[in-house]
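One structure below.
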Number of protein chains: 2
Amino acid sequence: MRSLFGVLPNIQLICRRFTVKEKFSRKRQVLLSLRIKNMQNPSFEEVLVPLRKLAKEQGNTVQKLKDTNAPAAEIQKAIQALKLTKESIAEKEQEFASNIIKVDRFKMEDLLKRRFFYDQSFAIYGGVTGLYDYGPVGCAMKANLLQIWRNHFIIEENMLEVDCSMLTPEQVLMASGHVDRFCDYMVKDVINGECFRADHLIKAHVEKVLNSKKSLETCQELTDILARLDGFSGEDIADVIKKFQIKSPTTGNNLSEPVPFNLMFGIQIGPTGLSRGFLRPETAQGIFVNFKRLLQFNQGKLPFAAAQIGNSFRNEISPRQGLIRVREFTMAEIEHFVDPSEKTHPKFHRVANERMVFFSACNQVDGEPPSCLTIGEAVCDKLVANETLGYYIARVYQFLLKVGVDPNKLRFRQHLSNEMAHYATDCWDAECYTTHGWIECVGIADRSCYDLTQHSKATGVRLVAEKRLPEPRQVEMVRCVPDKRSIWLKFKADGANIIKTLENLDKEACLHLQKQFESTGQAIVDLGDKCFKLESNICKIEKYMKAEHVEEIVPSVVEPSFGIGRVLYAIFEHSFRVRDNDEQRTVHIFQIFHFQYFSVPAIMAPYKCCILPLSANVKFDPLVEHLSDALRIKNISHKVDDSSGSIGRRYARTDEIAIPFAITVDFDSLLEPHTATLRERDTMHQVRVPLSELPTLVEDLSSGKVVWSDVMKIYPIFEQQEATVKK
Amino acid sequence: MRSLFGVLPNIQLICRRFTVKEKFSRKRQVLLSLRIKNMQNPSFEEVLVPLRKLAKEQGNTVQKLKDTNAPAAEIQKAIQALKLTKESIAEKEQEFASNIIKVDRFKMEDLLKRRFFYDQSFAIYGGVTGLYDYGPVGCAMKANLLQIWRNHFIIEENMLEVDCSMLTPEQVLMASGHVDRFCDYMVKDVINGECFRADHLIKAHVEKVLNSKKSLETCQELTDILARLDGFSGEDIADVIKKFQIKSPTTGNNLSEPVPFNLMFGIQIGPTGLSRGFLRPETAQGIFVNFKRLLQFNQGKLPFAAAQIGNSFRNEISPRQGLIRVREFTMAEIEHFVDPSEKTHPKFHRVANERMVFFSACNQVDGEPPSCLTIGEAVCDKLVANETLGYYIARVYQFLLKVGVDPNKLRFRQHLSNEMAHYATDCWDAECYTTHGWIECVGIADRSCYDLTQHSKATGVRLVAEKRLPEPRQVEMVRCVPDKRSIWLKFKADGANIIKTLENLDKEACLHLQKQFESTGQAIVDLGDKCFKLESNICKIEKYMKAEHVEEIVPSVVEPSFGIGRVLYAIFEHSFRVRDNDEQRTVHIFQIFHFQYFSVPAIMAPYKCCILPLSANVKFDPLVEHLSDALRIKNISHKVDDSSGSIGRRYARTDEIAIPFAITVDFDSLLEPHTATLRERDTMHQVRVPLSELPTLVEDLSSGKVVWSDVMKIYPIFEQQEATVKK
C-alpha cells in the first residue's frame, strides 16, 4: 500500500504495491526485452529505437487488418513480418545484455558469505528469513555509507538531524494511515496453513504461463495482469487466482481467499497490556510529530530540512532476495519542509547541469525508452514537478555515484499516476539495475502537506508555519461590543459570564448573532448550564479592519528516502569484479586463488589499507607496528595480515574484502631510509614509498584528496623486489 | 535480574537487581552521608576518614556496653558521643557536598528541553513514558559520542564490528537465560490495576519512614532492607510489603502479591503467529551467535574483540529519571574473546599508570571509602581480577574523560559477590555522579564462558577455538579392528554394516566392548533395527598413541558495555555551567539572557562553530557564505545565525547549545586582508584571525590538534571593534 521509500498511495487502493520492479524475469525474451528496453546506454538505444518504432507500426498494421476483416493470408503475412522484427529486437537486446549483465550473482553471494560481509541472522539456530547480520566488512561499509550520507546531506545542507523512538503508539500510525492501510494480500494453503504473498504467487504463475508460449492474446492478457498487479484489490486477486486455478507452489493444495495482512509488528508498551503500539515501519513519522520543535529550533523559518537515520521494521509475509526484502532495515530519510507556493531551491543552479536518466510516467505508459536529460532541462520541461524536488533528485544522483553506484545502471523512474498517493504531486524512484532487475533504492516524493495535516487532525495541535506577507493585508474583522451596564442591571450575577462570552465570540458567531437580532430582535446565548435571551440593544456588532503581517501555512514536504541495505547491495553488484586470471595465475601456478574483488571507492572501503610483512621474519615486526600505530593515530581503519600465506594469496584475500591499498614490508624496507611498496587493488600496480610518507598518503587516497594516477607519477613504480638481503 | 550493562546474575536470584545505585536520597542526612562517603576527592577524605574511624570505634563501644549490660547512664553517654561525632561527619559532608553538587537540574533540564537536545517522544500525542527523541543538538552529540567510541575502541584495537538484528527468536533468548529470568517484580493496585515496580515502592516507602526519625534500631533494619533490596526474592518483597503495610502511592489502595514481569517486548515474526520472538534486551547476544564466523574472520586466532552499536529494548514497569531509565536505548558493547588461561593483555603496559578511583566490594561491605590507585597497582594487588579486565577498565576511563565526563565524578565500583553472576569472576561498573546519585554508565564484566556454552548446548554447534599446544601432546587412542573375513562369512549381507559400525566405535564404546568380551566372551552390537551377537575373536581392540597439536577451548569473554544515553546524560550534568552573570550583564544591561552553557570538549560539540554576521548588513553576506562553504568542504558542522538579535544575545544562544567557537563577521572584516573574530565559549575570549586561516583553525581546534591557549598566543586578542566604517 506504500512504496518502500515513497508515499502512501491512493486511498482507494487497499494494498501495498510492488516496491521492487521485478516484473520481468530474465528467462523470457518478451520480458527480457521489456527490461533491456529500459537500459539507457545511448549507443544501444541508437540501434533499438528505430527497430521498436518499426515493430510498433507493424503491430498497428496487424490490428488494422484485423479490424477491417482483411483476408487471413494478408493478416498472416503482416504477423510474420512483425514476428521477424520482434525477433531481431530480441536478438539485439540479448547481445547488448550480454555486454552489460556480467555479474555472477552466485559467485558474488558466495564471497559475501564466506568473508562475512553479511549473512542470515541466528544461523546457528536455523536462521530467520528476512533478517541479516552485517559482519565486520559489511558493517564498516555500512558505517561509511552513513557517514558519507551525513556529510553529503546533513552537513552540506545544514539539516536538522533527529533520532526518534522506534516503538510507536497506535494513535500515531492510525493518523498516518498505516494501521488501516499498510497491508499486503496473503493467501494460505488450506491444508497446511502455509502463507504466501498473493501478488508474488500471481507473478510467478503468470511468468510460468508466459514461458509456455501461449497465443498472442493470452500473452497480452497476462502481460496486462503483470502491469496492473500493483494496484489490484482483494477481489481482483481472488479473480485471477480462480481464473488461473493457482495452487500452493509447494504442495499443490488449494488456496484460501486473499486477506489483507498488516505488515507492522505489534507490541504492548508497559506492563498493563492496555497501551498498544507498533515498531515503526518508516522513520518519517518521527520527524512529522516533532515538526513544531524543529520549526522552533529553526527560529520559525521555512524552508528547512530534517533528517533521520535509523531502523524500521516490516513483517514481510515471505521475505526473499537477500538484502532487498527484509524484515528489519536501516533507512535514511529527509523531510524538507517548504512553503507550498515557493518550491524553488536557492542552490538549484549548482546542480542544474547534472545529466541523468529519467524514465517518465509517459514513457512507461507509451512503451518509450527512458531519456537522458540534465535536471535543469527536466524541471524546465515540467517533467520534474518543481525545483525543490529536482534539487534532491540531483543530490541523490551525486550521492549514489560518490558511494560507488554505476551511473550506467542507475535511472530515475517516475511513479505512474495510479501508483502515486492521491495527495502526492510527483514521485521519482532512484532505481539500480541488478541481477534481480531494477530495484528501488531511493524514493524521492513530494508528499504535499498530507502528514502534517493528518497529525494536526488527530491531536488538535496546529502544525503550521507563519509566513510573513510581502505587505500587511487588511482583513475585515467583526467583534461584539456588549453594553455592560444594561447587562449588569438585567442579569446581575450572571453578567460577568455573559459579557465575557460576548466579547470572545469569533467572527462567525458574531455574524450569526447579528442575523438572529435582525430576523427576530432577539438571540439566545448558551453558557453551558444556562441559556439567556438577549434583546438586540444589549450589544453592538462592529466591523473593523485589521492589518495582518503573517499568514499561517501548512508546509509541503519533499521526502528523499533511502533504503540503506538496498543501496549497499547495488554497490556490491556494481563493483563486483572477477579478475582475468592469467595476470596472477602465471605467478602462482600451484595455488588456486579467488581472483574476485569489489572495486568500491576508497571512501567506502571497509579498511583503507592492509599491512603485509613479506614473511614471518621478526625483523619486519617493528616496522609493521610503527606503521600500524601511525595509521591508528590518524583513525585510519586498517588490517595487518601477518598470516603465513604467500604474498599473492594474501593480496587476493585483501582484494576480496575490498581493501583498496596494500603496504608490503619487505627486505628492502629494512634499509634506511625505510621504504615499502604500496599496491592498488584495481590496477594491481605498485610503487615504492618512503615509510614516513605512507600514513599521510593512505589518508589522502582514502579521502579522495589524491588519486592513484597521481601517485604513479610521483613515486617510482615497483616491479619486483630489488634487495639482495635475504634473512 | 541483570545489571543494565553487566552480566546475568546468580541463578538463585529471580529478579533483576537495581541498576542505578540510587539507594541514597538527597533529602536525608543518613543517606546523604552514605553517598558523600563515596565521593573521592582526596582532600575531603583527609578530613572525613579519621572522623569515620572515630565513629566506628564509638559504635563498637556502644555495642560492647550493651552486650555487657553496662549501666544505662554509661550507655547513654556513649551513644551521645557517637551522635556528636556522626553529626560532625554529616556537617562536614554537607559542606563538601555544597562544593561539589552545583548542578541545578531543573535549570539544566529546562534548557535541554527548550533547545531540543532531547524530549519526550510523541509529545503531541501526550507522550509515552520511557521514550525520548533526540533533537538536532542531542542527535549530533550522540553521533559524535559514537564516532569517538568507534575510533577509541574499534579502530584503535582492531575490533570486528558487527550490526545484528534486533528482532530475536525466542530460542536464542531462552538459551541466554533472558526468557526465564529477565524480570522485575511488579505489584498492582487491587482496585484500579495500576502497576508499580515493587522494589521502587519499597525503596520510596523505606526512605519516607527513615525521614520520620524512627529509633536507631528501626533505622538499622530499614537501612538493611535498602542494602539487600537488590537481591530480594518474591517472598522477601511480599513480606516487606505486608510488614510495613505499603499501599499504592497514588490511591492508597491495597496492592497485589508481587509477580515477576518479564522486561522483554514480545513479537510475532512472520504471518503465521507461530514464530515467537522478542526485541533484543542487549546487543551482546548478536555477537555470541556469530562467534564462529567472527573467529573464522580472525583466521581462527584468539584473542579478538567484536563490538556492536545498536538499540536495545526493555519494557520497564514504570520508567523515570529521564534518559536514565528508558524503554528503548542505544548500547555499545564489546565482547573480547580470550583464552581463559591467558588473561594477560599485550598493551596493558600502555595504560598501567592510569590512576582512577576504585570502590571495591570489600570497601563497600566494610563501609570504607573508595581508594585511588593506578590500574597497574589494582591488577597487581588482585583487586581487579586480571590484565584483560584491567586494560578495559583503563580504556573505558580514558574514553569517558575524552568525551567530557568529570574525573572527580567518576568511580569504578566492583559488584558485590551476591550482585554478580555465579559464572562471573569479576565485574566493575563505571559510575558517574549526578543529581540522581551515582549512576551506572558502563559495566565491565568478565562473563567467563557462560554465553558460548549456553548457545552451544542449545544448538549443538561447537562454539570453541583451537589452541595450538606448546608441543604436541601424546594421547592414547583406542580403535576396533574387525576381522572382516570372519564377519563376511558369518553375517553375509549384514557384514558391511557390522564392519562399518565396529570401525566407527569411539574410544568409550571400544572399551565397553572389550569389557563385555572379557567378562562374557560375547557382545551385542545394535544396528538400529537388528542386533547381532559377536564372539570375542571377531575383532581386536587396539590401543595406540596419537600426537595432538591443538586442543579445543571455550573462550572466556570480557565485556565492556556502554549505556550511551546514560553517558550522554552524565556529560550534560558534568558540563552544565551557569555563568556568573556580571561578566556579560554589564554590557547588555537591558536584556535578560540565559547565561547557561555546556562546557563539552570540542570533539563532542554538536556544531563546531557558529558564524555570526554582526548585523543584517548585506555586505557581510559574501564573507559569511564564503566561510560557510569553506567549512562545509571540510565536513565541519556549523551554524549560521543571521537572526536579528544583538550579538550578545546570539552568543548566549550559541553557548546554550554547546558550540565551542563563534566567528563574528564585522565591519573590520570588510577591509582587506579580510579578518574576523573568533570567540571561545568557556573563556569568552576573542582573537582576530585572517578569514583564510579560520576553516583550518576551527578544524584543528575541533579535533583537539590545537588548544585555545595556543590560539591566544598566536593571534591578536580582540577587545572591541576597531573599525570606523559603519554602514
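The values are calculated or read from the model by the stated rules, or taken from the named source; none is laboratory data. What you see is a predicted model; the values in this text were computed from it and never measured. Glycine gets a Cβ as well: all are built from the backbone with ideal geometry, and neighbour counts include every protein chain shown.
Numbers below:
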{"item": "Total residues in region A:545-577, condition outside any helix (DSSP H, G or I) and of a type outside the set (D, E, K, R)", "result": "15"}
{"item": "Conditions (1) of a type outside the set (Ser, Thr, Tyr); (2) under 19 Å from B:Thr272 (Cβ atoms); (3) within 14 Å of chain B (Cβ to nearest Cβ); number of the one not met by A:Asn254", "result": "(3)"}
{"item": "Residue in region B:442-457 that is of a type in the set (Lys, Arg), over 21 Å from B:Val357 (Cβ atoms), assigned to a strand (DSSP E or B) and more than 14 Å from every other protein chain (Cβ to nearest Cβ) present", "result": "yes"}
{"item": "Complete set of residues in region A:134-147 that are of a type outside the set (Gly, Ala, Ser) and facing chain B (nearest Cβ under 7 Å)", "result": "A:Tyr134, A:Pro136, A:Cys139, A:Lys142"}
{"item": "Within region A:116-131, considering residues that are more than 7 Å from chain B (Cβ to nearest Cβ) and crowded, with 23+ Cβ neighbours inside 10 Å, the one modelled with the lowest pLDDT", "result": "A:Gly130"}
{"item": "Residue match in region A:100-108 (condition: in contact with a strand residue (DSSP E or B) (Cβ under 6 Å, 6 or more places away or on another chain) and over 24 Å from B:Asn158 (Cβ atoms))", "result": "yes"}
{"item": "Those residues of region A:629-657 which are more than 10 Å from every other protein chain (Cβ to nearest Cβ) and surrounded by 19 or more Cβ atoms within 10 Å (Cβ to Cβ), in sequence order", "result": "A:Ile647, A:Arg650, A:Tyr651, A:Ala652, A:Thr654, A:Asp655, A:Glu656"}
{"item": "Hits in region B:275-300 (condition: facing another protein chain (nearest Cβ under 9 Å), assigned to a loop (DSSP other than H, G, I, E, B) and more than 27 Å from the chain's Cα centre (by Cα))", "result": "B:Gln299"}
{"item": "Helices (runs of 4 or more DSSP H) (entirely within region A:483-544) containing at least 1 residues that are exposed (fewer than 11 other Cβ atoms within 10 Å of the Cβ)", "result": "A:484-491, A:507-520"}
{"item": "Of residues in region B:613-628 being under 27 Å from B:Met141 (Cα atoms) and out of contact with any Pro (no Cβ under 9 Å at 6 or more places or on another chain), the one surrounded by the fewest Cβ atoms within 10 Å (Cβ to Cβ)", "result": "B:Glu625"}
{"item": "For B:Ala662: the one exception among (1) away from chain A (no Cβ under 14 Å); (2) farther than 21 Å from B:Ile717 by Cα; (3) buried (at least 21 other Cβ atoms within 10 Å of the Cβ); (4) of a type in the set (Gly, Ala, Ser)", "result": "(2)"}
{"item": "Evaluation of A:Gly135 against (1) in contact with a strand residue (DSSP E or B) (Cβ under 9 Å, 6 or more places away or on another chain); (2) under 30 Å from A:Phe348 (Cα atoms); (3) of a type outside the set (S, T, N, Q) (one fails), failing number", "result": "(2)"}
{"item": "Residue match in region A:318-337 (condition: at positive phi, touching a His at 6+ places or on another chain (Cβ under 8 Å) and surrounded by fewer than 19 Cβ atoms within 10 Å (Cβ to Cβ))", "result": "yes"}
{"item": "Test: A:Ile269 is surrounded by 21 or more Cβ atoms within 10 Å (Cβ to Cβ) and over 27 Å from A:Val172 (Cβ atoms)", "result": "no"}
{"item": "Condition broken by A:Arg314, with the remaining ones in (1) among the charged types (D, E, K, R); (2) buried (at least 23 other Cβ atoms within 10 Å of the Cβ); (3) farther than 22 Å from A:Phe196 by Cα satisfied", "result": "(3)"}
{"item": "Of all residues in region A:420-444 being within 10 Å of the chain's Cα centre (by Cα) and among the small types (Gly, Ala, Ser), the one that is surrounded by the fewest Cβ atoms within 10 Å (Cβ to Cβ)", "result": "A:Gly443"}
{"item": "Hits in region A:380-404 - residues which are touching a residue at least 40 places away in the same chain (Cβ under 8 Å), assigned to a loop (DSSP other than H, G, I, E, B) and over 27 Å from A:Asp230 (Cα atoms)", "result": "A:Gly404"}
{"item": "Sole exception among (1) over 50 Å from the mean Cα position of the chain (by Cα); (2) buried (at least 16 other Cβ atoms within 10 Å of the Cβ); (3) modelled with pLDDT of 90 or more for B:His455, by number", "result": "(1)"}
{"item": "Which listed residue, of A:Ser360, A:Ser312, A:Ser318, is at the interface with chain B (Cβ under 10 Å from one of its Cβ atoms), among the hydroxyl-bearing types (Ser, Thr, Tyr) and in contact (Cβ under 8 Å) with a residue 40 or more places away in the chain", "result": "A:Ser318"}
{"item": "Flag for B:Ile589 being modelled with pLDDT of 95 or more and of a type in the set (A, V, I, L, M)", "result": "no"}
{"item": "Test: residue in region A:148-156 that is more than 30 Å from A:His638 (Cβ to Cβ) and either more than 14 Å from chain B (Cβ to nearest Cβ) or surrounded by 23 or more Cβ atoms within 10 Å (Cβ to Cβ) (or both)", "result": "no"}
{"item": "Subset tally (residues that are within 9 Å of chain B (Cβ to nearest Cβ) and either surrounded by fewer than 21 Cβ atoms within 10 Å (Cβ to Cβ) or without any contact (Cβ under 8 Å) to a residue 40 or more places away in the chain (or both)) for region A:170-185", "result": "1"}
{"item": "Boolean, B:Asp668 is over 29 Å from B:Asn144 (Cβ atoms) and either crowded, with 16+ Cβ neighbours inside 10 Å or modelled with pLDDT under 95 (or both)", "result": "yes"}
